[in-house]
1. Could you tell me which GluC sites (Glu not before Pro) in the range 154-244 are loop residues by DSSP with no more than 10 other beta carbons within 10 angstrom of their beta carbon?
2. Considering amide H positions built from the backbone, and no H for Pro or chain starts, which residues 5 or more places from Gln99, or on another chain, come under 5 Å of its amide H?
3. Taking the solvent-accessible surface of protein heavy atoms with a 1.4 Å probe, what is the per residue accessible area of the range 1-143 in Å²?
4. In what sequence, largest accessible area first, do Met116, Met1 appear using a 1.4 Å probe?
5. Cα-Cα pairs above 22 Å in the range 92-166: how many percent?
6. Computing the accessible area with a 1.4 Å probe over protein heavy atoms, can you report the carbon and sulfur percentage for the range 32-95?
7. Skipping prolines and chain starts, which residues have an amide H placed within reach, meaning under 5 Å, of the one on Asn19, given they are 5 or more residues away or on another chain?
8. With θ taken as phi - 60° and the coefficients 6.51, -1.76 and 1.60, list the Karplus ³J(HN,Hα) couplings across the range 48-58 in order, rounded to whole Hz; mark glycine and proline as x.
Amino acid sequence: MKVLSWNIQWGRGADGEVNLARTISAIRMLGDFDVLCLQEVAVGFAGLQGPAPQDQVAVLAAAFPGYSAHFAAGVDVPDEVGGRNLFGNLTLSRLPVGQVLRHSLPRPLDAGVPSMQRVCLELVISGPAGPVRVLNTHLEYYSELQRTAQIDALRGLQAGVREVVESAEAGDDREDDSPFRSWPRPLSAIVCGDFNCEPGSQAYYHMTLAGEAGPEWADAWPACYGEIPHLSTVGLNGAEWPDRPYCCDFFFVSVDLVDKVDAVAVNQATAASDHQPVMLTVF
């Protein structure tokens, strides 16, 4: 299974111009993927897109026929013309999708620090080797307090699934067409996106920290490349932010998938965003 994760910055390239068609072309040129996990997708928000803002969810869904589209808005506020401004994560899958969950991530008060509501979009996907959960997220940039709380939440999501899977009372067997039907939610999982922290940082260490039952998540990069440093995913191609290159976009996998990671790659050539796309292959 091949997964692409990319913070597309609502189609704003390293040159500062918003051009979603360029973003779509760049995705197509990157290769053939089963799942596309995109962050910073906007619906409305003229302040970002310009005077004729698009429904980027609809545009991206139409650009990839054969993929089902699933969106989670972290920010959902009124616009100035009677509609809604939405900003969040979009996952496109050409593999069958079971249940979809949208997790609002914690946003504890951090006085005087700008922030926005963040979200994690979870899909249960029928992969070639069996069902796997694919989580698409984007953590807070400005507030370390909030980012740490959000990492705690991602760890908690995985720990909660593990507890249910290991429990003898994981759910009933009803298969009726009702909201109470129990749907599979496997322990095998991939979480990707813009984590707004660097390898070796406190937040990164916390994400991979072992708990009482062992680590919940493992970074897919060292699973492939050992001690070789992560390739930079920001600070390239002349983007005005940041002022130096480093990595903040990751794939983490559940510990049962570590040995199934076949490849992780970063495309550092495209200038269609201020972030670079990251690609994962698992078998």
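1. Numbers: sites: Glu163, Glu166, Glu169, Glu175, Glu212, Glu216, Glu227, Glu240; in loops: Glu169, Glu175, Glu212, Glu216, Glu227, Glu240.
Within the range 154-244, the qualifying GluC sites (Glu not before Pro) (loop, at most 10 other Cβ atoms within 10 Å) are Glu169, Glu175, Glu212, Glu227, Glu240.
2. Here the answer is Val124, since their amide H atoms fall under 5 Å of that of Gln99.
3. 41
4. Values: Met116 65, Met1 25 Å².
Final ranking, largest accessible area leading: Met116, Met1.
5. On the way: 940 of 2775 pairs.
More than 22 Å apart: 34 percent of the Cα pairs in the range 92-166.
6. Solvent-exposed carbon and sulfur of the range 32-95 make up 57 percent of the total.
7. The answer is Arg12, Gly13.
8. 9, 8, x, x, 10, x, 9, 7, 5, 4, 5
The values are calculated or read from the model by the stated rules, or taken from the named source; none is laboratory data. Every value quoted in this text rests on a predicted model; they were computed, and no experiment measured them. All Cβ positions, glycine included, derive from the backbone under ideal geometry; neighbour counts span all protein chains shown. Surface accessibility is based on the protein's heavy atoms, side chains included, excluding ligands, DNA and RNA. Shrake-Rupley method; radii C 1.70, N 1.55, O 1.52, S 1.80 Å.
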